Structure formats: structure tokens, C-alpha cells
Amino acid sequence: MLILTVLLVTLGFTLSAQAEVWRYATEESPGDVQDIYARAFAKSIEAQSNGDIEVKIYYYGQLGSENDIIELAANGTINFVSVGAGHLGSYVPEVQIVGLPYLLSRDEDATHQLLTSSRTIYQDLSPKLERINLKLLSMLSEGEMVWGSNKPIRTPEDFKNQKIRTFTSTLPVETYRTFGATPTPLSWGEVYGSLQLKTIDGMVNPINFIYSAKWHEVQDYLIFSDLQPYIATFSASNKWFNRLTTDQKQIIKIATQAADKAGFDYQIRTNRDDMAKILKEKPSIQIIRLSDAERERFALLSKELHETYFRVVENAYSSNEKAAARELAIRLLQNLTNEIQTPQSKIHEK
């Protein structure tokens, strides 16, 4: 009996030591919003599985650039990936819908509910990610996108001759071209040096990210335009996910809900706190908040981007698929707009 007990204890320790490892890559660094999200997800998974599953988190640069980690998840090398919709849109053009300026609500609670429960996103948009072997699990706002610049920007004319760092997908590039700027796609790691050397003039990101990356050190103005929030996506490798047991899928669902809440609560707090830190560290920085009339000029220009979005989606498909792709893009925008304007709609189960 004693020998059996020793064997069982030994086996228990062996199983514990050989916990299954799920790999999760994020485009951000420790302390950023996606890190808080990832850690909440990992903590929930490990607690629910009694330690039988460990989630290993990789940060920016450890596995390559934003595009690199998308491809690692798509080919099944890692299990989860978190990147901005602007980067994922290079692979799944339909995702760029959440990057249309002046589309999402300025009410952060309403936007959070939409991003985590939208029928349009999780019934109509999500299947498109399966084309590159990703399963969309959730979306998260990281806060309002703020313009950084070395000159005041209040009108589209102020963007003339300004090189603005954007994401690598088409819609962000076309957004700033429409506003009159010279869009310059760059990966995160290139931005500080480019601003310092003045090979670019400005950038756009949430306050928490601007502070974390210290980009405020090389910018004279921060401009709040209510343009759009930064939207992060959280996806799993689809074929791997489909092979999981029902119980494993359930713990992922519960962990994602825990991460959604942790990420949302943190981004509200950190954007407020980091703005105060920026003002303390650089009192000379100028803060501009566009008036309603100034915002309206950019909002009117932004409507031109709806057609751009339809065209980007359409052009990503072969000739015999173009019409259906365009029709879907139009329907996605119509349906998402209806959901935004009717926030009391029932929550969809992802």
C-alpha cells in the first residue's frame, strides 16, 4: 500500500511537471493593455485547469513583428495571438471595418459591449478569419487614438506634407491620405527613432501606448479628435482550436470573458493615469481637443472611406468572388451601424 501511495504521488508530480503549454503572442510589451489581457486570460486558464494547462506569453519582438506573430498563429506554431485590427486587416480585409473613422460610439461602455457581443462581428465577420486559419475570440478597445505631431493639427489642411505613421493595412493608409497627410506604415519598433530623426512627423495611438513607448518625448502636440479607438483582436489558431475538447473550449470562453473585463478596466485607468504622467514629465507638451465643428470636417471626409473599405474587400478576392465580397462588406457596415445605433440589442454568445 505504501509503495502504491508513493507511486501515485510520484505520478502526480510528474503530471504536474508536464503541464500542457499553450503559447500566446501579443504585439505589446509588459505593462501594456494587451499584457494585462493576456495575464488575466492565462491566470483563468491555469486556475480552471488546476495547473494542468500553462499559458506562456510572448511579448513584442520575442517572436518577430506584428505580421510575424499573425503568421505563426495561422500556421499553428502558436495557439493564440493578439494584434491590432489594423495589422490583421492586411490578411483579412473585412476586419478593417472596426477601423473606419467616426463609426464606433464615443461611449466606451457601449463600444466594449459591441466588441465583445456583436452579432455582426461574431456571426458574419468572424468566419472570414478562418480563411487564414484563425478563430476570432474577442476584440478590445485600448482607448481613443490620439494624434501626435510637432505642429497644431485642427483641419485637414494642417496635415499637408505631414508624414504620419500608420499601420500596414490599406484602410489606415487611405484614412490619412484622405485627410491630406503622407501615410507612412511602420512597425512599432521603428517609430521612436523615426520621430527622433524626423523621418516621420507624427503618429496615432492611444495615450497608454504613447506613454509606454515614450513617443511623447519626441512630439510637441497631442491632439484628441474622437476619430476612433484602437481595436485589438484576440484569436486562436483555428484548426488547433477545433481539435480541443468541449471542456477545453469552455475554459477558453470563460478565460476570454475574464480577460475582456480585465483589459477594459485597465485601459480606462491607465489612459487616465498615463495622461497625467505625460503632463508631469513634459509640461511643455500642448494638448488640443478638436471642437465639434473641427471634428465634423474630418467626419465628412471619413465617409469617403466607406467606399474605400468596400473596394479593399472586393479586391482581395478573385474575379468570380468580387461581387459577393463587396456585397458582404456593404452588409457588414450596414449591420454594424445598426447595432451601434441600437445598443440595447441582445448580447450574442460567441
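Is it the case that some residue within the range 237-245 is more than 22 Å from I69 (Cβ to Cβ) and either modelled with pLDDT of 95 or more or of a type in the set (K, R) (or both)?
yes
Residues that are within 14 Å of S235 (Cβ to Cβ) and either of a type in the set (K, R) or touching a Pro at 6+ places or on another chain (Cβ under 9 Å) (or both) within the range 19-78 comprise just one, R23. Of all residues in the range 48-84, those satisfying the criterion of being of a type in the set (S, T, Y) and part of a loop (DSSP other than H, G, I, E, B) are S49, Y59, Y60, S65, T77.
Looking only at the range 38-62, which residues are over 27 Å from T245 (Cβ atoms) and buried (at least 19 other Cβ atoms within 10 Å of the Cβ)?
Passing the criteria: only Y60.
Only residues that are in contact with a helix residue (DSSP H, G or I) (Cβ under 7 Å, 6 or more places away or on another chain) and closer than 8 Å to A25 by Cβ were counted in the range 60-78, giving 2.
Conditions tested, residue by residue: (1) over 30 Å from W215 (Cα atoms); (2) in contact (Cβ under 8 Å) with a residue 24 or more places away in the chain.
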| site | (1), (2) |
| --- | --- |
| T246 | yes, no |
| L305 | no, yes |
| Y309 | no, yes |
| E321 | yes, no |
| L328 | yes, yes |
| I340 | yes, yes |
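Filtering the range 84-110 to residues that are within 13 Å of the chain's Cα centre (by Cα) and over 19 Å from P127 (Cβ atoms) leaves G84, G86, H87, G99. Is the range 85-103 home to any residue that is surrounded by 16 or more Cβ atoms within 10 Å (Cβ to Cβ), part of a strand (DSSP E or B) and either in contact with an Asp or Glu (Cβ under 6 Å, 6 or more places away or on another chain) or at pLDDT below 95 (or both)? No, because not a single residue in the range 85-103 is surrounded by 16 or more Cβ atoms within 10 Å (Cβ to Cβ), part of a strand (DSSP E or B) and either in contact with an Asp or Glu (Cβ under 6 Å, 6 or more places away or on another chain) or at pLDDT below 95 (or both). Checked against the criterion of being hydrophobic (A, V, I, L, M, F, W, C), closer than 24 Å to Q34 by Cα and crowded, with 23+ Cβ neighbours inside 10 Å, the candidates I153, I164 yield just one match: I164. Taking the range 170-189 as the range and being at pLDDT 95 or above and assigned to a loop (DSSP other than H, G, I, E, B) as the test, the residues that pass are F179, G180, A181.
Considering the range 170-189 alone, what residues qualify as being β-branched (V, I, T), without any contact (Cβ under 8 Å) to a residue 60 or more places away in the chain and either in contact with a helix residue (DSSP H, G or I) (Cβ under 9 Å, 6 or more places away or on another chain) or more than 16 Å from Y230 (Cα to Cα) (or both)?
Once the filter is applied, which keeps residues that are β-branched (V, I, T), without any contact (Cβ under 8 Å) to a residue 60 or more places away in the chain and either in contact with a helix residue (DSSP H, G or I) (Cβ under 9 Å, 6 or more places away or on another chain) or more than 16 Å from Y230 (Cα to Cα) (or both), the range 170-189 yields T182, T184.
Residues checked against (1) without any contact (Cβ under 8 Å) to a residue 60 or more places away in the chain; (2) on the phi > 0 side of the Ramachandran plot; (3) not in a helix (DSSP H, G or I):
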position: L136; (1), (2), (3): no, no, yes
position: S141; (1), (2), (3): no, no, yes
position: T168; (1), (2), (3): no, no, yes
position: V191; (1), (2), (3): yes, no, no
position: L195; (1), (2), (3): yes, no, no
position: V204; (1), (2), (3): yes, no, yes
position: F209; (1), (2), (3): no, no, no
position: F234; (1), (2), (3): no, no, yes
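Identify all residues within the range 121-134 that are crowded, with 22+ Cβ neighbours inside 10 Å and either in a loop (DSSP other than H, G, I, E, B) or of a type in the set (V, I, T) (or both); write none if there are none. Scanning the range 121-134 gives a single hit, I121.
The values are calculated or read from the model by the stated rules, or taken from the named source; none is laboratory data. What you are looking at is a predicted structure, and each value in this text was computed from that prediction instead of being measured. Positions of Cβ are backbone-derived with ideal geometry, glycine not excepted, and every protein chain shown enters the neighbour counts.
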